[in-house]
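Student: Here it is, the structure, as structure tokens.
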Amino acid sequence: MIGTLYGIGVGPGDPELLTVKAFRRLKEAHVIAYPKKANGSKSYAQHIVEAYFSKTEKQMIGLVFPMTKDERVLREKWSETVETVWAYLREGKHVAFVTEGDPLLYSTCIHFMRTMRTYHPNVPIEIIPGVSSINGAAARLQLPLADGDETIVIVPARDDYDAMKKALQNHDCVVFLKVAKVMPLLLSLLKEMNLINEAAVVTKVTSYEEVIWDVTKLEHTSLPYLTLMVVRK
């Protein structure tokens, strides 16, 4: 009998934001798999899970997903990670693939699930939703994301001035994800549109490493990868 693959969102950083169902599935799983950028690197999702489970209690495996756009390398790595997990599933073991935030919102779990279905379509898959960094940021900032007829949009921040400006013009609230590389562009837009005081920037929200930045002082600041911006007009 083939084991079940659980795609589990473990929340934005605070281990106490893990859901009861996520905790139960993690307890039931024989193996906990987590994504990481390179061999030897620490996984953000792994750190959250280790608040509850140690390597002596659970078999834990790190799956390397390199930060590259090389399609050949990506195909090889995706295939390799899927086969690593399949080796446990075919033995009847349940595997929990954990990811920070929610597993179906800009998550590694999305492509991992698709690849597993391509190579091993008979594997049963269950998705356990998690608290996203967007919800975590709203709570920490005590900032309503949308009310009544207001509109909200989630935008992966990129070096496209017109697209970023259009998002700000057309919505009451904009959440820009992964803003570190394009912060100068976003700051320029905020100043141009007189929205600098309506923006909030947070790194690793709800975690013990959380930083809520003063947006007016970010001109020459190097920000970590897990940083988002909320602009509410």
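The values are calculated or read from the model by the stated rules, or taken from the named source; none is laboratory data. From a predicted model like this one, the values you see are computed outputs, not experimental measurements. As a convention, Cβ positions derive from the backbone with ideal geometry for all residues, glycine included, and neighbour counts pool all protein chains shown. Ligands, DNA and RNA are stripped out before the accessible areas are found, and what is left, the full protein with its side chains, is counted by its heavy atoms. Shrake-Rupley method; radii C 1.70, N 1.55, O 1.52, S 1.80 Å.
Student: So which of 82, 64, 73 ends up being over 21 Å from residue 227 (Cβ atoms), within 16 Å of the chain's Cα centre (by Cα), free of Cβ contacts under 8 Å to residues at least 40 places away in the same chain and in the same structural domain as residue 37 (by the TED database)? Give the steps one after another, and end with the answer.
Tutor: Values: 82 fails: within 16 Å of the chain's Cα centre (by Cα); 73 fails: within 16 Å of the chain's Cα centre (by Cα).
Selected residue: 64, the only one of 82, 64, 73 that is over 21 Å from residue 227 (Cβ atoms), within 16 Å of the chain's Cα centre (by Cα), free of Cβ contacts under 8 Å to residues at least 40 places away in the same chain and in the same structural domain as residue 37 (by the TED database).
Student: So, in the range 214-233, how many residues would count as being open to solvent by 70 Å² or more (accessible area, probe 1.4 Å) and modelled with pLDDT of 95 or more?
Tutor: Narrowing the range 214-233 to residues open to solvent by 70 Å² or more (accessible area, probe 1.4 Å): 214, 216-217, 219-220, 222, 225, 233.
If we keep only those that are modelled with pLDDT of 95 or more as well, we get 214.
Total satisfying the criteria: 1.
Student: Also, quick follow-up: Which is without any contact (Cβ under 8 Å) to a residue 60 or more places away in the chain, closer than 26 Å to residue 100 by Cβ and assigned to a strand (DSSP E or B), of 230, 155?
Tutor: Details: 230 fails: without any contact (Cβ under 8 Å) to a residue 60 or more places away in the chain.
Exactly one residue qualifies, and that residue is 155.
Student: Could you list all residues from the range 22-49 that are surrounded by fewer than 17 Cβ atoms within 10 Å (Cβ to Cβ), closer than 17 Å to residue 8 by Cα and modelled with pLDDT under 95? Talk me through it step by step, then tell me what you get.
Tutor: Kept after step one, since they are surrounded by fewer than 17 Cβ atoms within 10 Å (Cβ to Cβ), are these residues of the range 22-49: 24, 27-28, 30, 37-42.
Among the residues that remain, those that are also closer than 17 Å to residue 8 by Cα are: 24, 27-28, 30.
None - no residue of the range 22-49 is surrounded by fewer than 17 Cβ atoms within 10 Å (Cβ to Cβ), closer than 17 Å to residue 8 by Cα and modelled with pLDDT under 95, so the list stays empty.
Student: Could you please let me know if residue 198 is open to solvent by 50 Å² or more (accessible area, probe 1.4 Å), at pLDDT 95 or above and of a type outside the set (Lys, Arg)? Reasoning before the result, please.
Tutor: On the way: open to solvent by 50 Å² or more (accessible area, probe 1.4 Å): yes; at pLDDT 95 or above: yes; of a type outside the set (Lys, Arg): yes.
It is true that residue 198 is open to solvent by 50 Å² or more (accessible area, probe 1.4 Å), at pLDDT 95 or above and of a type outside the set (Lys, Arg).
Student: Scan (1) open to solvent by less than 50 Å² (accessible area, probe 1.4 Å); (2) within 18 Å of residue 207 (Cα to Cα); (3) among the hydrophobic types (A, V, I, L, M, F, W, C) for the single condition residue 95 breaks and write down its number.
Tutor: If we test residue 95 against (1) open to solvent by less than 50 Å² (accessible area, probe 1.4 Å); (2) within 18 Å of residue 207 (Cα to Cα); (3) among the hydrophobic types (A, V, I, L, M, F, W, C), just (2) comes out false.
Student: Which of the residues that make up the range 181-210 are within 17 Å of the chain's Cα centre (by Cα) and β-branched (Val, Ile, Thr)?
Tutor: Across the range 181-210, the qualifying residues are 201, 202, 203, 205, 206.
Student: All but one of (1) in a loop (DSSP other than H, G, I, E, B); (2) among the acidic types (Asp, Glu); (3) within 23 Å of residue 135 (Cα to Cα) hold for residue 16; which doesn't?
Tutor: (1)
Student: Among the numbered criteria (1) without any contact (Cβ under 8 Å) to a residue 60 or more places away in the chain; (2) over 27 Å from residue 212 (Cα atoms); (3) open to solvent by 30 Å² or more (accessible area, probe 1.4 Å), which single criterion is violated by residue 115?
Tutor: So residue 115 meets the others, but not (3).
Student: In this structure, is residue 82 closer than 20 Å to residue 118 by Cβ, open to solvent by less than 30 Å² (accessible area, probe 1.4 Å) and modelled with pLDDT under 95? Outline the logic, then answer.
Tutor: Numbers: closer than 20 Å to residue 118 by Cβ: yes; open to solvent by less than 30 Å² (accessible area, probe 1.4 Å): yes; modelled with pLDDT under 95: no.
So residue 82 does not fit the description; no.
Student: Report every pair of residues separated by at least 6 positions or lying on different chains whose Cβ atoms are under 9 Å apart, first residue within the range 175-187 and farther than 11 Å from residue 201 by Cβ, second assigned to a loop (DSSP other than H, G, I, E, B) and hydroxyl-bearing (Ser, Thr, Tyr).
Tutor: 177/106; 178/106; 178/225; 181/225
Student: Can we say residue 184 is touching a helix residue (DSSP H, G or I) at 6+ places or on another chain (Cβ under 8 Å), of a type outside the set (D, E, K, R) and open to solvent by 30 Å² or more (accessible area, probe 1.4 Å)? Outline the logic, then answer.
Tutor: Numbers: touching a helix residue (DSSP H, G or I) at 6+ places or on another chain (Cβ under 8 Å): no; of a type outside the set (D, E, K, R): yes; open to solvent by 30 Å² or more (accessible area, probe 1.4 Å): yes.
In short, no.
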